[in-house]
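The values are calculated or read from the model by the stated rules, or taken from the named source; none is laboratory data. Keep in mind that this is a model prediction, so the values were computed, not measured. Don't worry about glycine lacking a Cβ; one is built from the backbone with ideal geometry, like all the others, and counts go over all protein chains shown. Heads up: the accessible areas ignore ligands, DNA and RNA and are worked out on the full protein's heavy atoms, side chains in. Shrake-Rupley method; radii C 1.70, N 1.55, O 1.52, S 1.80 Å.
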Amino acid sequence: MDGTIQRKKAAPDIRNWKPQTRAVRAGQVRSNFDETSEALFLTSGYAYNSAEEAEATFKGESTHFQYSRFGNPTVSMFENRLAALEGAEACRATSTGMAAVFYSLLALLKTGDRIVAARQLFGSCHYIINELLPKYGIRGEFVDGGDLAQWEKALSTPANAVLFESPSNPMLDIVDIQAVCDLAHKAGATVVLDNAFATPMLQRPLEFGADVVVHSATKYIDGQGRTLGGAILGSRAFIIDKLQPIIRNTGPALSPFNAWVLVKGMETLGLRIDRHCANARKVADALATHPKIGRVLYPGRPDHPQHQLAAKQMSNFGGVVTFDIRGGKHATFDALNRLKLVDISNNLGDAKSMVTHPATTTHMRIGAEERAKLGIGDGTVRISVGLEDADDIVGDLVQALGS
Ligand SMILES: *Cc1c(COP(=O)(O)O)cnc(C)c1O
C-alpha cells in the first residue's frame, strides 16, 4: 500500500446534480491515494517532472500547478464547489470577504469611472467607496437600495459598476435584483452583488441578472466561526481574463488550510441554513409580540416591507433578525448584558447565536446622520440566530428583556 496506483474515474457531470449534492460533491479532485475526504494540500510550491514541464507551465500550456499564490488544489476544490452552487462559470477565492469586494471593484474600475452603490452596505465598503476609490479618481454615489426610483435616477447617467447586498446588513433591506440589474446594464455598469447573508442555498443572483457575486465565506459558508475567507464569482471572461492577473500578481490568496475548512463547511451548508432559517423565524415571531420590542425586521414575516420581493428572489429568508428594544441605549445595553446563552459579538453566521448593537460597533464610524438614514437607532439590535434549540434562544432573549 504505497499509494502508487494510478486510477482515475471519469469526472461526473455536475449539471445533473441538485444544490445539496453539489454542496457535498462538486469540485472534489481525488489524489492518487483515492481519499474519500477532500485532501488538504498545505504546500506553497509544486515540483515539475522536467524542465520542459516547467517551461510549458510558465507559458500557460500546461495545467500543472505553479505556486499557491496562483492556485492550489484545495483552494481550487473550494472555488469549483462554490461556483457549482452559484451557477457561475468561474470563481477565485480570497483571504477575506472584504478582499473579495475590493478586488472585484479593482478589476472593474479605473480613473474617471463611477460606481453607484446601495448605502445599506457592510461597514468597510463605505471606506472603500468614500475614501479609497476617490484617491484614484473613481467617484461613488449612494442610493437607498430598496428604492427603485433612486436607482433609476442615479443610473440615468452612465456608470461602470453597481454594488449592493440583499438582504443587507444590518437592516435586512431587500433590493430588487432583476430590476436594478436591468437599470445598471442600460447605464453600462457591471453589477456586483454581495450574497453573504443569503448564500447560494437561498438566492442565486446570477439567475436574476447579476454579473459578479462576492462572498464573505467567513459567515455561513464556514458557519462555525473558525476562519476568514472570501470569493468572487462570475463569467470566465471576467474571472479569468480580468480578475485573475490582478489577484495572482498582488496576492490576496486564501490559505489552503482555510479553503479546506470552507470546503468541508459547504457540505453541511444546506442543513445549517435550513435550521438557521427555522430558528430565526421562531425568534422573529416571539420578539414581534413582546411588549419591550418596538419593531422586528425579518424578510420572512409578512410585516417586512419587502416580504413579497424577498419571497420572489429567495427560497427562504436567512438567519438574521433585527429589532428595536424600547427605552434607548441604556435599556438596550441592560438587556444585552443580561443574556446568558447568546453572545455579544459583531460576527454572524456562526452556529452560536450572537447579538450586536450596530450603532456602537459595526456602524459607529459612519456617524449619526448616516445611521439615521439607514434606520439604525440606539435601540437597534441585530441577532444572528444560531443552531441551538430555538426554545433556548427565545428563552434567553425573553429573560434578558425582562417583564
Ligand atoms: C462580513 C461581511 C463582509 C466582510 O467579510 P470579511 O470576511 O469579514 O472580510 C462583507 N459583506 C458582508 C455582507 C458581510 O457580512
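How many residues are over 27 Å from Ile174 (Cβ atoms), hydrophobic (A, V, I, L, M, F, W, C) and within 14 Å of the ligand (Cβ to nearest atom) if we restrict to region 225-243?
0
So Cys125 passes all but one of these: (1) over 16 Å from Ala159 (Cβ atoms); (2) in contact with a Ser or Thr (Cβ under 6 Å, 6 or more places away or on another chain). Which condition number does it fail?
Failed condition: (2).
Of the conditions (1) closer than 22 Å to Arg25 by Cα; (2) in a helix (DSSP H, G or I); (3) open to solvent by less than 10 Å² (accessible area, probe 1.4 Å); (4) among the hydrophobic types (A, V, I, L, M, F, W, C), Ala93 satisfies every one except a single condition; which number is it?
That leaves (2) as the condition not met.
Looking at Asp194, is it open to solvent by 10 Å² or more (accessible area, probe 1.4 Å) and within 13 Å of the ligand (Cβ to nearest atom)?
When the stated conditions are applied, Asp194 passes them.
Does any residue of region 345-353 turn out to be over 26 Å from Gln203 (Cβ atoms) and open to solvent by less than 10 Å² (accessible area, probe 1.4 Å)?
Within region 345-353, not a single residue is over 26 Å from Gln203 (Cβ atoms) and open to solvent by less than 10 Å² (accessible area, probe 1.4 Å).
Hey, among Phe58, Phe41, Phe65, Phe122, which residue is under 23 Å from the mean Cα position of the chain (by Cα), assigned by TED's automatic domain parsing to the domain that holds His215 and open to solvent by 10 Å² or more (accessible area, probe 1.4 Å)?
Phe122
How many residues does region 312-335 contain that are part of a strand (DSSP E or B) and under 19 Å from Gly146 (Cα atoms)?
Counting residues in region 312-335 that are part of a strand (DSSP E or B) and under 19 Å from Gly146 (Cα atoms) gives 4.
Within region 43-61, does at least one residue satisfy the condition of being assigned to a helix (DSSP H, G or I) and touching a Lys or Arg at 6+ places or on another chain (Cβ under 9 Å)? Before the answer, list the steps.
Within region 43-61, the first condition is being assigned to a helix (DSSP H, G or I), and the residues that meet it are 51-58.
Among the residues that remain, those that are also touching a Lys or Arg at 6+ places or on another chain (Cβ under 9 Å) are: none.
No; the residues of region 43-61 include none that is assigned to a helix (DSSP H, G or I) and touching a Lys or Arg at 6+ places or on another chain (Cβ under 9 Å).
Only one of (1) within 16 Å of the ligand (Cβ to nearest atom); (2) touching a Leu at 6+ places or on another chain (Cβ under 9 Å) fails for Asn347. Which number is that?
(2)
Determine which single condition Lys135 fails, assuming it passes every other condition in (1) in contact (Cβ under 8 Å) with a residue 12 or more places away in the chain; (2) surrounded by fewer than 20 Cβ atoms within 10 Å (Cβ to Cβ); (3) over 25 Å from Ile376 (Cα atoms).
Of the numbered conditions (1) in contact (Cβ under 8 Å) with a residue 12 or more places away in the chain; (2) surrounded by fewer than 20 Cβ atoms within 10 Å (Cβ to Cβ); (3) over 25 Å from Ile376 (Cα atoms), the odd one out for Lys135 is (1).
List pairs: first residue in region 201-224 and of a type outside the set (D, E, K, R) and more than 9 Å from the ligand (Cβ to nearest atom), second residue open to solvent by 20 Å² or more (accessible area, probe 1.4 Å) and at pLDDT 95 or above anywhere in the structure, Cβ distance under 6 angstrom, at least six positions apart or on different chains.
Leu202/Ser315; Leu202/Asn316; Leu206/Gly87; Phe208/Gln178; Gly209/Gln178; Gln224/Ala351
Quick grid of which residues meet (1) more than 25 Å from Gly318 (Cβ to Cβ); (2) acidic (Asp, Glu):
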{"residue": "Ile129", "(1), (2)": "no, no"}
{"residue": "Tyr136", "(1), (2)": "yes, no"}
{"residue": "Glu152", "(1), (2)": "yes, yes"}
{"residue": "Ala179", "(1), (2)": "no, no"}
{"residue": "Gly188", "(1), (2)": "yes, no"}
{"residue": "Leu193", "(1), (2)": "no, no"}
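Would you mind finding the one in Asn249, Asn258 that is among the polar types (S, T, N, Q) and farther than 25 Å from Leu40 by Cβ?
The unique qualifying residue is Asn249.
Mind checking which residues of region 320-344 are under 17 Å from Gly294 (Cα atoms) and open to solvent by 10 Å² or more (accessible area, probe 1.4 Å)?
Asp324, Ile325, Arg326, Gly327, Gly328, Lys329, His330, Ala331, Phe333, Asp334, Leu336
Hey, any hits in region 244-255 for a residue that's within 14 Å of the ligand (Cβ to nearest atom), of a type in the set (Ser, Thr, Tyr) and farther than 28 Å from Val175 by Cβ? Don't jump to the end; show me each part of the working.
The first filter runs over region 244-255 and keeps only residues within 14 Å of the ligand (Cβ to nearest atom), leaving 252, 254-255.
Pick out the ones that are also of a type in the set (Ser, Thr, Tyr) and you get 255.
Narrowing the set further to residues that are farther than 28 Å from Val175 by Cβ leaves 255.
Within region 244-255, one or more residues are within 14 Å of the ligand (Cβ to nearest atom), of a type in the set (Ser, Thr, Tyr) and farther than 28 Å from Val175 by Cβ.
Please indicate, with yes or no, whether at least one residue in region 139-147 is away from the ligand (no atom under 14 Å from the Cβ) and open to solvent by less than 10 Å² (accessible area, probe 1.4 Å).
Going through region 139-147, the residues away from the ligand (no atom under 14 Å from the Cβ) turn out to be 139-144, 146-147.
Of the ones still in play, those that are also open to solvent by less than 10 Å² (accessible area, probe 1.4 Å) are 143.
Checked region 139-147: at least one residue is away from the ligand (no atom under 14 Å from the Cβ) and open to solvent by less than 10 Å² (accessible area, probe 1.4 Å).
Which residues, counting only those in region 68-90, are surrounded by fewer than 20 Cβ atoms within 10 Å (Cβ to Cβ) and either among the acidic types (Asp, Glu) or not assigned by TED's automatic domain parsing to the domain that holds Ser37 (or both)?
Glu89, the sole residue that qualifies.
Looking at region 203-220 only, could you name the residues that are closer than 23 Å to His304 by Cα and not in a loop (DSSP other than H, G, I, E, B)? Don't jump to the end; show me each part of the working.
Taking region 203-220 and keeping what is closer than 23 Å to His304 by Cα, we get 203-205, 208, 220.
Residues satisfying the conditions are Pro205, Phe208.
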